[in-house]
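The values are calculated or read from the model by the stated rules, or taken from the named source; none is laboratory data. Just so it is clear, the structure is predicted and the values come from calculations on it, not from any experiment. For neighbour counting, all protein chains shown are included, and Cβ atoms are generated from backbone atoms with ideal geometry for every residue, glycine included. These area figures cover heavy atoms from the full protein model, side chains too; ligands, DNA and RNA do not enter into them. Shrake-Rupley method; radii C 1.70, N 1.55, O 1.52, S 1.80 Å.
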Amino acid sequence: MPFSDYFKAIHTEVDATLDRLIPGDETYPPSIHQSMRYSLFAGGKRLRPMLAVAASDAVGGSRTPVLCFAAALEMIHTYTLIHDDLPALDDDDIRRGQMTNHMKFGESTAILAGDGLLTMAFEILTDTAFFPGVAVTTILAVANETASAIGSLGTIGGQVVDIEYESAVADLAVLEYIHTHKTGKLITASVRGGAILGDADDDQVSALTVYGKHVGLAFQIIDDILDIEGDWRKLGKTPGSDIKKEKMTYPSVVGMEAARKRATELTDSALEALEMFDDEADHLRDLAKYIAARTF
Ligand code: GRG
C-alpha cells in the first residue's frame with residue numbers, strides 16, 4: 001500500500017473497527033470466531049477500505065460511518081478469499097505467507113467462517129447505529145448496492161464464469177466479464193459507497209464510479225501480471241497458479257506488453273475521471289498509482 005501517514009492511519013483505524021465489531025477469540029463458540037479473526041487479521045492490504053475512506057474524504061464525509069462501511073467491505077473481501085482458497089475452488093494452501101483458513105481450521109470451519117463474515121457484514125450495513133448522521137434511506141441504498149455487487153450478477157457471477165472458462169480458448173470479452181465482475185464490482189462499490197455515505201452529489205458519484213471501474217479492472221490486470229512475474233516473498237504465495245489452473249488472464253489473452261499497456265491506460269483514465277476534484281482527491285490519485293505499480 002502507499003505508506004503515507006494518511007494510509008497508515010486508515011489501516012490502523014480499520015483494524016481497530018474490525019477488532020471492535022468481530023466477537024473475541026473466546027466468544028462462544030470460539031472456533032468460529034478464531035477462524036474469522038485469523039483471516040481478517042492475516043495481513044491484508046485493506047485496499048477496499050482505503051478506497052472507501054479516501055472517496056468519502058474526497059467529498060467531505062465524516063469518518064465514523066465510512067469506517068463501519070470499510071470494515072464490512074473487508075469482512076466481505078475476506079469471505080471471498082477464504083471460500084476461493086477451498087479445495088472445491090482454487091485449492092490453495094498458502095495465502096499472505098500463512099496457512100489458508102481451511103488448512104488451519106479445517107474445511108467445515110472455513111466455510112462457516114466465510115459465511116459468518118459475509119453475514120456479519122450485512123448485520124453492520126443494516127444497523128443504523130453504525131452510521132450516525134446518515135439518512136436511513138442512504139444506509140439502505142449502500143447496503144443494497146453492496147449486496148448487488150457481490151451477488152450472482154457481480155462477484156459470484158464473475159467467479160462462476162472464471163471456473164467455467166478454465167482451459168477455454170482465449171476470449172477477451174469473457175475475460176473482461178470475469179475481471180469486471182469477480183474483482184471490479186466490489187472495488188467500484190467500495191468507492192461509490194464511501195462517496196454516497198459522505199453525501200456526494202450526483203456528479204461526484206458519477207465521476208467516482210468511472211474512477212472505481214477503471215482502478216478495479218487495472219487492479220485485476222496487475223494481479224494477473226503478478227501471478228506470472230511476481231516475487232513469492234512479496235506475494236506471500238507461489239506465483240504461477242493461474243497458468244497451472246489454465247485460467248484466462250490478461251497476459252494469456254492479449255500478451256504481457258498489451259496487458260501492461262491496458263493497465264496504464266486504465267490508470268490514466270481513472271486519474272482523468274477525478275478531474276472535477278481538487279487536492280481533496282489526491283489520496284484517490286495515490287491509490288490509483290499504487291494499484292498500477294504494486295508488487296504484491
Ligand atoms: C465468492 C468464492 C468467491 C469468490 C469470489 C474475489 C473472488 C471471487 C475470489 C478471490 C480470489 C482472488 C485471488 C481474486 C483475484 C483478485 C483478488 C481479489 C486478489 C486479492 O485481493 P487483495 O490483493 O488481497 O486486495 P489482500 O491480501 O491484500 O487482502
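See the values below:
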{"quantity": "Residue tally, condition open to solvent by 70 Å² or more (accessible area, probe 1.4 Å) and within 16 Å of the ligand (Cβ to nearest atom), over region 112-141", "calculated": "2"}
{"quantity": "Single match in ILE94, ILE22 (criterion: within 14 Å of the ligand (Cβ to nearest atom) and over 17 Å from the mean Cα position of the chain (by Cα))", "calculated": "ILE94"}
{"quantity": "Set SER190, SER152: member being within 13 Å of VAL66 (Cα to Cα), under 17 Å from the mean Cα position of the chain (by Cα) and either surrounded by 15 or more Cβ atoms within 10 Å (Cβ to Cβ) or polar (S, T, N, Q) (or both)", "calculated": "SER190"}
{"quantity": "Number of the condition not met by LYS45 [criteria: (1) farther than 24 Å from GLU280 by Cβ; (2) open to solvent by 30 Å² or more (accessible area, probe 1.4 Å)]", "calculated": "(1)"}
{"quantity": "Any pair with Cβ under 8 angstrom, 6 or more apart, that starts in region 146-164 at a residue that is free of Cβ contacts under 8 Å to residues at least 12 places away in the same chain and of a type in the set (Val, Ile, Thr) and ends at one that is part of a helix (DSSP H, G or I) and open to solvent by less than 20 Å² (accessible area, probe 1.4 Å)", "calculated": "ILE156/ILE150"}
{"quantity": "Filter pass, ALA55 being more than 16 Å from the ligand (Cβ to nearest atom) and without any contact (Cβ under 8 Å) to a residue 40 or more places away in the chain", "calculated": "no"}
{"quantity": "Odd one out for ALA200, checked against (1) crowded, with 17+ Cβ neighbours inside 10 Å; (2) assigned to a helix (DSSP H, G or I); (3) more than 12 Å from the chain's Cα centre (by Cα)", "calculated": "(2)"}
{"quantity": "Subset of region 88-97 [within 15 Å of LYS244 (Cα to Cα) and open to solvent by 50 Å² or more (accessible area, probe 1.4 Å)]", "calculated": "LEU89, ASP91, ASP93"}
{"quantity": "Any hit, region 40-54, residues being assigned to a helix (DSSP H, G or I) and over 30 Å from ARG233 (Cβ atoms)", "calculated": "no"}
{"quantity": "Matching residues, region 272-296, being within 30 Å of LYS237 (Cβ to Cβ) and part of a helix (DSSP H, G or I)", "calculated": "HIS283, LEU284, ARG285, ASP286, LEU287, ALA288, LYS289, TYR290, ILE291, ALA292, ALA293"}
{"quantity": "Single residue of ASP268, ASP227, ASP242, ASP199 found to be among the acidic types (Asp, Glu), within 20 Å of ALA54 (Cβ to Cβ) and free of Cβ contacts under 8 Å to residues at least 24 places away in the same chain", "calculated": "ASP268"}
{"quantity": "Residue count, region 187-227 (criterion: acidic (Asp, Glu), under 23 Å from THR295 (Cβ atoms) and away from the ligand (no atom under 16 Å from the Cβ))", "calculated": "0"}
{"quantity": "Region 238-296, residues that are modelled with pLDDT of 95 or more, among the polar types (S, T, N, Q) and open to solvent by 30 Å² or more (accessible area, probe 1.4 Å)", "calculated": "THR264, SER269"}
{"quantity": "Residue pairs meeting the criteria (Cβ under 6 Å; at least 6 apart or on separate chains; first closer than 14 Å to PRO30 by Cα, in region 103-118; second open to solvent by 60 Å² or more (accessible area, probe 1.4 Å))", "calculated": "THR109/SER31"}
{"quantity": "Count - residues of region 37-89 that are among the acidic types (Asp, Glu) and in contact with a His (Cβ under 8 Å, 6 or more places away or on another chain)", "calculated": "2"}
{"quantity": "Lone qualifier among THR100, THR78 - being closer than 16 Å to GLY43 by Cβ, open to solvent by less than 60 Å² (accessible area, probe 1.4 Å), of a type in the set (Val, Ile, Thr) and more than 9 Å from the ligand (Cβ to nearest atom)", "calculated": "THR100"}
{"quantity": "Subset of region 155-180 [in contact with a Ser or Thr (Cβ under 8 Å, 6 or more places away or on another chain) and exposed (fewer than 14 other Cβ atoms within 10 Å of the Cβ)]", "calculated": "ALA170"}
